[in-house]
Amino acid sequence: MQITGEMLIGRADVRGSAGSLDAFDPARGERIAPAFGAGTPQDVDRACELARAAFDPFRALPLAKRAEFLEAVAQAILDLGDTLIERAHAESGLPVARLQGERGRTVGQLRMFAQVVRDGHFLDATIDPAQPARQPLPRSDLRLTKIGLGPVAVFGASNFPLAFSVAGGDTASAFAAGCPVVVKAHSAHLGTSELVARAVRSAVQKLGLPEGVFSLLVGERAVGEALVAHPAIAAVGFTGSRTGGLALQRIAQARAVPIPVYAEMSSINPVYVLPEALAARGDAIAKGFADSLTMGVGQFCTNPGLVLGIAGDALERFCQTAGEALTAKAAGTMLTAGIHQAYDKGVARLADEGNVSLVARGQAGTGCQGQAALFRTTAAAFLATPALHDEVFGPASVVIACESVDEMIAITERLEGQLTATLQLDAGDVETARRLLPSLERRAGRILANGFPTGVEVCHAMVHGGPFPATSNAMFTSVGATAIDRFLRPVCYQDLPDALLPDALRQDNPLGLWRLVDGALTQ
């Protein structure tokens, strides 16, 4: 499939006329042809109006047809074959094996949401039958189900060119909810975005869906701002920096009709190496930590950017082993020159802090390659230095030496919201972990034991979210089956004739759903 540098607005291929953008190979430091035309406000308006027109017919499709569409998108992505992997590799510097795995995750979550749609549980069908003889007042017949919010704007993420981009989790869950999607391609992987967008559009056309079900826009900041501000857009999915997420949120809240922005933004993902585990297997934990820290050159939102342990000989050995492991780690190509520059500045900022000392650096690199870095500090210094709480996006982490469990808890109480928190513990650490859990539950969306946070399973129980600034709304997840809830809202039908009710609420239950009827789960 040829990459043209055009946007896909409905069924039309549109060459943007507001300047041009170039794809870039971060490993070679070279631009990649062709140039991409940037969109205009008129292009944004056209895509959004098509999405508005498509919303009602798309959400009215039988659930089986909606599920078929998700599966068709998955197959169309697979049909791109090596062309997709080769382009994503060139634009991101990510290893081919990693991208093949990410493609599998992308296809897998599309298929998972197809099953979620077929099951129909997401509709939360609830029926409270009429009670005309109830005293002192009768009760009307009341029935509840959920419908899509409306067209969704999705912003591609830099660090996952497939799984969090054009047909990633935000798009898949929005489609599953019955919402058309307008995607703004990330400038770091323009060609990859076009290829996947063409696959999505081919599925739209194959199933005869309205053209506005999907569009792809290309452009700089102005395109994204216009997209969020457009009155047809009902919600936003975003993965990126805190600065970017908050900027979109301000635009969304300033609209005549404010809309939700589901932004995943910033997390340092603390790892707690509790005393018994530290003494018994500190070396193994240190090596696993070094592997987790440098995985994907540290460019994961769940990268372990903070380690907490009790000061003493065991923590000294942990730092030594982790430092030796990091020293052997080769530098890796980061996603973009901008991300690499921001990482180097973050590492330099840590190095300049007076109460922070360097433990180890990984092997030096060239160009856009990131060099791993491990620092250490005391609990008192961490508490007194707000800058140490900031995320450094890349393979950098800070070890905090705590004088006691009480000090560890005090630090936890000062942490911002997190995507994850990890407990490395043995049997003798259970009571210490129990003391930490209430604070961790208030601060993290996912709490792990004896693992490392990098890697997010796509399944029904996963939570990839958390309190601010990990996300803009701690009530929802961007990964897993319940990600669909972000793009749904409840509607109650009172005394409507059966013929006018949605299938999920009709008396004969044509979808065969489990429904809550008068408080009892019934099929």
Exercise. How about region 313-336: which of its residues are closer than 28 Å to PRO386 by Cβ and hydrophobic (A, V, I, L, M, F, W, C)?
Worked result: LEU315, PHE318, CYS319, ALA322, LEU326, MET334, LEU335
Exercise. Counting only residues that are surrounded by fewer than 16 Cβ atoms within 10 Å (Cβ to Cβ), of a type in the set (A, V, I, L, M) and assigned to a helix (DSSP H, G or I), how many does region 320-341 have?
Worked result: 1
Problem set entry | Count - residues of region 365-398 that are open to solvent by 50 Å² or more (accessible area, probe 1.4 Å), assigned to a loop (DSSP other than H, G, I, E, B) and over 21 Å from ALA331 (Cα atoms) | 1
Exercise. With respect to the numbered conditions (1) of a type in the set (D, E, K, R); (2) under 26 Å from ARG66 (Cα atoms); (3) in contact with a strand residue (DSSP E or B) (Cβ under 9 Å, 6 or more places away or on another chain); (4) open to solvent by 20 Å² or more (accessible area, probe 1.4 Å), which one is the sole condition not fulfilled by LYS206?
Worked result: (3)
Exercise. Which strands (runs of 3 or more DSSP E) sit wholly inside region 433-519 and have at least 2 residues that are over 28 Å from ALA234 (Cα atoms)?
Worked result: 444-449, 515-517
Exercise. In region 243-264, which residue that is hydrophobic (A, V, I, L, M, F, W, C) and touching a Phe, Trp or Tyr at 6+ places or on another chain (Cβ under 8 Å) is surrounded by the fewest Cβ atoms within 10 Å (Cβ to Cβ)?
Worked result: LEU248
For this session: Name the strands (runs of 3 or more DSSP E) wholly inside region 219-285 in which the number of residues that are under 24 Å from CYS301 (Cβ atoms) and more than 20 Å from the chain's Cα centre (by Cα) is 3 or more.
Result: 270-273
Exercise. Conditions: (1) touching a strand residue (DSSP E or B) at 6+ places or on another chain (Cβ under 6 Å); (2) open to solvent by less than 10 Å² (accessible area, probe 1.4 Å). SER140 meets all but one. Number of the miss?
Worked result: (2)
Exercise. Modelled with pLDDT of 95 or more and open to solvent by 10 Å² or more (accessible area, probe 1.4 Å), is that true of GLU220?
Worked result: no
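Only one of ILE85, ILE77, ILE32 is touching a Phe, Trp or Tyr at 6+ places or on another chain (Cβ under 8 Å), β-branched (Val, Ile, Thr) and more than 22 Å from ALA234 (Cβ to Cβ). Can you tell me which?
Values: ILE85 fails: touching a Phe, Trp or Tyr at 6+ places or on another chain (Cβ under 8 Å); ILE77 fails: touching a Phe, Trp or Tyr at 6+ places or on another chain (Cβ under 8 Å).
Unique residue meeting the criteria: ILE32.
The values are calculated or read from the model by the stated rules, or taken from the named source; none is laboratory data. Everything numeric here is computed off the predicted structure, so don't read it as measured data. Heads up, the Cβs are rebuilt from the backbone with ideal geometry, glycines too, and the neighbour counts pull from every protein chain shown. Surface areas here come from the heavy atoms of the whole protein model, side chains and all, with no ligands, DNA or RNA. Shrake-Rupley method; radii C 1.70, N 1.55, O 1.52, S 1.80 Å.
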